[in-house]
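Here's the structure, in structure tokens; my notes come after.
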Amino acid sequence: SNKKNSEKSPASLHTPHERDEHSNACLATYLLTIRLFSSGISSATPTEETNDAGNLMDFLDEPFPDVGTYEDFHTIDWLREKSRDTDRHRKITSKSKESIWEFIKSLLDAWSGWLVMLLIGLLSGTLAGVIDLAVDWMTDLKEGVCLSALWYSHEQCCWTSNETTFADRDKCPQWQKWAELMTGYTEGAGVYLLNYFLYVLWALFFSFLAVSLVRVFAPYACGSGIPEIKTILSGFIIRGYLGKWTLLIKTVTLVLAVSSGLSLGKEGPLVHVACCCGNLFCSLFSKYSKNEGKRREVLSAAAAAGVSVAFGAPIGGVLFSLEEVSYYFPLKTLWRSFFAALVAAFTLRSINPFGNNRLVLFYVEYHTPWYMAELVPFILLGVFGGLWGTLFIRCNIAWCRRRKTTLLGKYPVLEVIVVTGITAVLAFPNPYTRRSTSELISELFNDCGSLESSQLCDYINNPNMSRPVDDIPDRPAGPGVYSALWQLTLALVFKIVITIFTFGMKIPSGLFIPSMAVGAIAGRIVGIAVEQMAYHHHDWIIFKNWCRPGADCVTPGLYAMVGAAACLGGVTRMTVSLVVIMFELTGGLEYIVPLMAAAVTSKWVADAFGKEGIYEAHIQLNGYPYLDQDEFTHRTLATDVMRPRRNEPPLALLTQDSTTVEDVETLIKDTDYNGFPVVVSHESERLIGFVQRRDLILSARQKQDGVVSNSVVHFTEDAPQIPASNPQPLKLRRILNLSPFTVTDHTPMETVVDIFRKLGLRQCLVTRSGRLLGIITKKDVLRHMAQMMNQDPESIMFN
């Protein structure tokens, strides 16, 4: 992009010391720190020439990659990447006819995409299984230990015991709580306080270890990762965000963060982990490692595999990638995403981390149909989900902005410790907040059968009842249910408040599970209320037609599931993929309509207060160059947005055959533009093409015999004959883009925005009758859109 840019980020700045200076907004402030450092570097002066060869930019110590690659924190040119891949494919096809070996190589190239998908699915599924097993063990470690095998969780420990009874199936002599192990007592105030203290201590230890590992080894491993994944898939370059260190640290710290009991989930970060796997395997194949556009096709499929193992929903994962994160999603990527999601789900199923032959802990099956009158509470849950989503986004963004702009951002470790301490202290007394959030959701989703021992299933049974296990009629609530309702109400308030402060801290933190927990708690409370109303007032007109006395009318667990979908939809604004994910969790088509009603209502209500979901809000907060899909309706023209403007210096240009090497050196030294238009002459300014700054530097650094500082740079096909006394010209025709995208100065900005969004442009040149007038970059478009929406245009920080 041909405008001021101080975001160049030499690798020498990526040290732990500089990384420690960023605030808790994770990635955005880290990048801002690099900008501050690099602003000084961009003004460095070149060293003196030591020979006659004109070596541009010898003052830069960092080596440049091949022509066509991009600098850190810049946007790729989708059209250029597509053209390069087409040329590569055409070359392979023509060579395949020359020999058997070339034909075999062409087949290997064609199948490399499927091989990468297979590897991504295998590694993603394996890592997800390991994470699930480790989280299960470390979560239970806060409360006690298995004496027979230290690596067993509570449930696994009691599986192996022969002394477990059905009534007390969670108690066995092999599993002992810490206070019992230390004191020998199982009851009493001292035992409770000791268990309380050790629970908080373990939580603080896990969270401190997690934030320390992230801070020292991989600053990019914090947060959900989905806002950055969306930005990367839209064509932005963030070196190291999907690297090997990030993959390793994110996997380890995700286990620690979830096990600490913080109000966060592992589902969002699993998408980041899967994309790291995709990027890792892309480096093995030049087809993907040397083409940023092809690499993003693989990353889209990897995101689908991440959701597949997070929820056990392969189809939902593909739709999530298509609906929520992907920017460019061709048909072949759809097929490969499905294959990667299938392999990942199969791998996780083979590991069987939960011991229930399911891919997730909260898989449920319902056997009671829903009735039309129940659509009213389902829609009300959708309204609640939309309101919760709006409240959460506004409060969380306000807190994250405060974190970035105050001293709070300078102490991320202290923030994590404080939030963990508050969470653990408040969570332990309530059994519904003490357990892991996935276990809570599982209990809230479950239907109350005759074998359930939960407080939520403490109903007063009719001793004369003789019904099948799956068809228990509605019954009056017992004291355990009313006690559970009060605890769930307190848990609901606690989850709503603490999640606002937890999401965005400098540890891996997903939002899917906390949002689902808020909705599931609200849904279960509403479900129990409707159930009791139907039981005690079955003669009311709304219950008369479908709820007879002694019938199994209402399933509170279904309300919990609908509430979970509504709250998740309100926060993320997902619709189709959300319904499919929830459908795959239940395994039944019968409940699609309630889920659809809740998801659509939630989105409508949330959109009434603001169009952006939580991920788009964080993208905007961090200033990433992401063009969303909203329509641009303002009546402005390209001439209103293009640079240079009236009070700005003229456009930096190169001519096709009158610019010297010294002129180019001076231009590159004095400016930090990312590219330069090439014109016939300064007088005519007739556009010839566009050359990237990086390509210009790299090509000019390659020594050509006889080239000196006053050598003329030629962008023409054939350099004219020069006298023998003149120095040899520098021919750079091969790096010139002869077909840059252009618009006229009277093109409506609505059209320009559509062009940038659908073609993935980095920049667009503005002409009138073939004469160059200015340039519009992606950052210019984003800043203009922000200005039209009365937002700060300077919030767009990166090219």
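Structure notes:
- Cα-Cα over 25 Å, subset of K142/K506; K266/K778; K230/K758; K404/K779; K410/K603: K266/K778; K410/K603
- Relative to the longest principal axis of the Cα atoms of the chain, the long axis of helix 375-405 lies at roughly 50 degrees.
- Peptides 145-153, 497-505 ordered by packing proxy, namely the average of other Cβ atoms within 10 Å per residue, highest first: 497-505, 145-153.
- A simple spin-label model places the labels of K758 and T636 2.1 nm from each other, with each point 7 Å out along Cα-to-Cβ.
- FRET efficiency, A189 to L408 (Cβ-Cβ, R0 35 Å, nearest 0.05): 0.40
- The range 638-789 - Debye-derived log10 I(q)/I(0), Cα point model, q = 0.19 Å⁻¹: -1.17
- Solvent exposure of Y196, expressed as accessible area, is near 50 Å², computed with a probe of 1.4 Å over the protein chains only.
- The magnitude of the dipole of the chain, with charges of +1 and -1 set on the Cβ of Lys/Arg and Asp/Glu and taken from the Cα centre, is near 920 debye.
- 19 Å Cα-Cα reach of K731 towards lysines, excluding residues that sit fewer than 8 places from it in its own chain: K703
- Solvent-accessible heavy-atom area per residue, rounded to whole Å², over the chain at 1.4 Å: 43 Å²
- Around L284: net Lys/Arg minus Asp/Glu count, Cβ-Cβ under 15 Å: +4
- Annotation for the range 272-319 versus the range 377-400: alpha-carbon center distance of 30 Å.
- In the assembled protein chains, H154 presents an accessible area of approximately 50 Å² (probe radius 1.4 Å).
- Within the accessible area of the range 638-789, the carbon and sulfur atoms contribute 46%, probe 1.4 Å, all protein chains present.
- Computed packing ranks the peptides 199-212, 517-530 as 517-530, 199-212, most packed first, by mean other Cβ atoms within 10 Å.
- Projected label points at S94 and S658, each 7 Å from Cα along the beta carbon direction, are separated by 3.7 nanometres.
- The chain, relative contact order [Cα under 8 Å, separation at least 6], %: 18 percent
- Long-range amide H partners of H74 with built H, under 5 Å: I237
- Loop-resident GluC sites (Glu not before Pro) (DSSP state other than H, G, I, E or B) in the range 309-367 with no more than 16 further Cβ atoms inside 10 Å of their Cβ: E365.
- Going by accessible surface with a 1.4 Å probe and the largest first, W540, W370, W175, W159 read W159, W540, W370, W175.
- Full extension of the chain between M182 and S283 gives 31.2 nm of extra length, using 0.36 nm per residue less the Cα-Cα distance.
- Helix 479-502 axis versus longest C-alpha principal axis of the chain: approximately 20°, rounded to the nearest ten.
- Among 335-341, 111-117, 134-140, the peptide with the highest mean count of other Cβ atoms within 10 Å heads the list, and the full ranking is 335-341, 134-140, 111-117.
- Axis of helix 331-351 versus longest Cα principal axis of the chain: the two differ by about 40°, to the nearest ten degrees.
- Pairwise FRET efficiency - F217 versus E717, Cβ, R0 = 60 Å, nearest 0.05: 0.70
- Computed accessible area, C448, all protein chains, 1.4 angstrom probe, square angstrom: 20 Å²
The values are calculated or read from the model by the stated rules, or taken from the named source; none is laboratory data. Only a predicted model underlies this, so the values are computations on that prediction, with no experimental measurement involved. Reconstructed Cβ throughout: ideal geometry from the backbone, glycine too, with neighbour counts over all protein chains shown. The accessibility values were calculated without ligands, DNA or RNA, using every heavy atom of the protein model including side chains. Shrake-Rupley method; radii C 1.70, N 1.55, O 1.52, S 1.80 Å.
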